[in-house]
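Written out below as structure tokens is the structure these notes cover.
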Amino acid sequence: MPCCRGRILFCWACGQAKSRILRALTALLDEQTPYVAGCEIRDNPYHPLCKRCRNLIAERGDTTPIAYLSRHERYVEKLATPDVTIADLVGDLDPIKAARGGEDLSSEFTMHYGLLPRANRGIFAINELPDLAGKIQVALFNIMQEGDVQIKGYPVRLELDVALVFSANPEDYTARGKIVTPLKDRIGSEIRTHYAETIEEGLTITAQEAWTDRGLPEMEIPQYLREIVEQVAFSAREDKRVDKRSGVSQRLPISTMELVVSNAERRALVHGESLVLPRIGDLYAALPGITGKLELEYEGEMKGADVVVKEVMRTAIGKIFDKYFASTNTQQIEQWFNLGGTTKIEDSQPTKLTLEELRQIQGLFEKLSPLGIKASSKPEEIVAASEFLLEGMCAHRRLSRSEERAFVAQKKAQPPRQERPSSESEYEEWQTRRSRRGGFN
Ligand SMILES: [Zn+2]
């Protein structure tokens, strides 16, 4: 009788919700499952495996004590590492147990059970399967195939009823470790997961997972800001300075969104403002949360994570800017800056004061209509939208912005090309050329 049913291998890069998918499998199990009370391997009362339970049931029949397992208790997970042993996974012979019970060493009474037998009648998930040593994989294979395994030379029979699921990073099992062929052959299905394919999918996941619903009396996250946060992850995945093997986890936009809201919340508290409305400055405040989530290639490491992430943000802002402002003529705003105008949008200033400052920029507020901004809009909404417009113009090099968040006119000299060799920079240059061509439309 085949003992381990349902073998599935999930392949994924970092942050594709593997734990979520694996744990969700428990939803397919019965809510309650009876087992022989006190059994270490949770024996089925109708089909007991261990000698203890067989003896007990023979002796007590229908009065054998029964206990119940919840779905949650039937899920066991193990992260594979090279130091995982057969003893961890399958079990070991316990000579002390043998001596006390006067049993032979090969008797199952002397067995100290590992994780797999303890997952009997449940789901056993092994994460990062290729990291498991080859001989352990062979032991797993034997259990799947024959229901038996040798421990220290003694054959031990374990006809377990376990659904095995594995996870592996596809990059890993071609490059680093590997899955031994007989085991791979015994795996039923191989499911390849992927990152969100569209911004919309990403937005839905982030909105569902990010801790933004904090019971704040008034909070509003502009749609364009949500899109920019999501686009940062998409642009990072495309950036060749970011390590493709590690991938860019969906946790990146989720935690970025949380940091963005936190910074907006802090600003509102400092100035005694009731409406918490995140804006692009808050995205820059979330920078330390993003740099830690990216593995960089050599070229990126040389530039520094901060520089790379800022460029990725700039690309993301530029792309979302195009979505809303593709047909907006920003010449009048550029002119204001070319005549020496300068403005700063920063956290230390109350929103109303920032709004007054922005009011001096002729033509700025009228250009915000693609974002649904009207004269009657709230000050926080107008300031956030203005900052997005100005940041987008910076992304397309129509304006410049200092590290201190002061917007000024764009200097005419182009930076030397060899310093910005990425595809993102090429995209920006293409955008600049395009905007120059169509500047007066
Ligand atoms: Zn038992």
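Taking the stated definitions as given, is Leu69 within 30 Å of Gln150 (Cα to Cα), within 11 Å of the ligand (Cβ to nearest atom), aliphatic (A, V, I, L, M) and modelled with pLDDT of 85 or more?
Working: within 30 Å of Gln150 (Cα to Cα): yes; within 11 Å of the ligand (Cβ to nearest atom): no; aliphatic (A, V, I, L, M): yes; modelled with pLDDT of 85 or more: yes.
In short, no.
Conditions first: (1) surrounded by 18 or more Cβ atoms within 10 Å (Cβ to Cβ); (2) at positive phi; (3) out of contact with any Asp or Glu (no Cβ under 8 Å at 6 or more places or on another chain). Gly153 passes all but one, so which condition is the exception?
(1)
When you scan region 8-28, do you find a residue that is within 16 Å of the ligand (Cβ to nearest atom) and of a type in the set (A, V, I, L, M, F, W, C), even just one?
no
Name, by its number, the condition in (1) more than 36 Å from the chain's Cα centre (by Cα); (2) of a type outside the set (Ser, Thr, Tyr); (3) modelled with pLDDT of 95 or more that does not hold for Leu389.
So Leu389 meets the others, but not (1).
Among the residues of region 364-385, are any touching a Gly at 6+ places or on another chain (Cβ under 7 Å) and not polar (S, T, N, Q)?
No.
Scan region 220-234 and tell me whether some residue there is closer than 30 Å to Val162 by Cβ and outside the structural domain of Val138 (by TED's automatic domain parsing).
no
Starting from region 48-61, keep only residues that are more than 13 Å from Ala37 (Cα to Cα), then list their pairs with residues that are outside any helix (DSSP H, G or I) and near the ligand (Cβ under 8 Å from one of its atoms) whose Cβ atoms are within a distance under 6 Å, requiring at least 6 positions of separation or different chains.
Listed by first residue and then by second, the contacts come to Leu49/Asp43.
Considering only region 36-50, state which residues are more than 8 Å from the ligand (Cβ to nearest atom) and outside any loop (DSSP other than H, G, I, E, B).
Within region 36-50, Asn44, His47 qualify.
Just to check your reading of the model, which residue among Arg118, Arg60, Arg54, Arg100 is out of contact with any helix residue (DSSP H, G or I) (no Cβ under 8 Å at 6 or more places or on another chain), assigned by TED's automatic domain parsing to the domain that holds Ile8, among the charged types (D, E, K, R) and modelled with pLDDT of 90 or more?
Answer to the check: Arg118.
Picking from Glu218, Glu258, which residue would you name as being farther than 22 Å from Ile373 by Cα and without any contact (Cβ under 8 Å) to a residue 60 or more places away in the chain?
Glu258 is the lone residue from the list that is farther than 22 Å from Ile373 by Cα and without any contact (Cβ under 8 Å) to a residue 60 or more places away in the chain.
Return the total of residues in region 29-71 being more than 16 Å from Ala119 (Cα to Cα) and of a type in the set (A, V, I, L, M, F, W, C).
Residues in region 29-71 being more than 16 Å from Ala119 (Cα to Cα) and of a type in the set (A, V, I, L, M, F, W, C): 5 in total.
As an exercise: evaluate Gln223 against (1) without any contact (Cβ under 8 Å) to a residue 40 or more places away in the chain; (2) over 21 Å from Glu381 (Cβ atoms); (3) surrounded by fewer than 16 Cβ atoms within 10 Å (Cβ to Cβ) and give the number of the one condition it does not meet.
Unmet condition: (2).
Checking Ser246 against (1) among the hydroxyl-bearing types (Ser, Thr, Tyr); (2) at pLDDT 95 or above; (3) in contact with an Asp or Glu (Cβ under 6 Å, 6 or more places away or on another chain): exactly one of these is not met. Which one?
Answer for Ser246: the failing condition is (2).
Kindly state which helices (runs of 4 or more DSSP H) lie completely within region 201-293 and contain at least 2 residues that are hydroxyl-bearing (Ser, Thr, Tyr).
Qualifying helices (runs of 4 or more DSSP H): 223-238, 251-270.
Considering region 337-383 alone, what residues qualify as being charged (D, E, K, R) and within 18 Å of Gly281 (Cβ to Cβ)? Walk me through how you get there before you give the answer.
Within region 337-383, the subset charged (D, E, K, R) is 344, 346-347, 352, 356-357, 359, 366-367, 374, 378, 380-381.
The answer is Lys344, Glu346, Asp347, Lys352, Glu356, Glu357, Lys378, Glu380, Glu381.
Looking at (1) small (Gly, Ala, Ser); (2) away from the ligand (no atom under 15 Å from the Cβ); (3) part of a strand (DSSP E or B), find the lone condition where Gly61 falls short.
(3)
The values are calculated or read from the model by the stated rules, or taken from the named source; none is laboratory data. All of these numbers come straight from a predicted model, not from anything done at the bench. We place every Cβ from the backbone using ideal geometry, glycine too, and count neighbours over all the protein chains shown.
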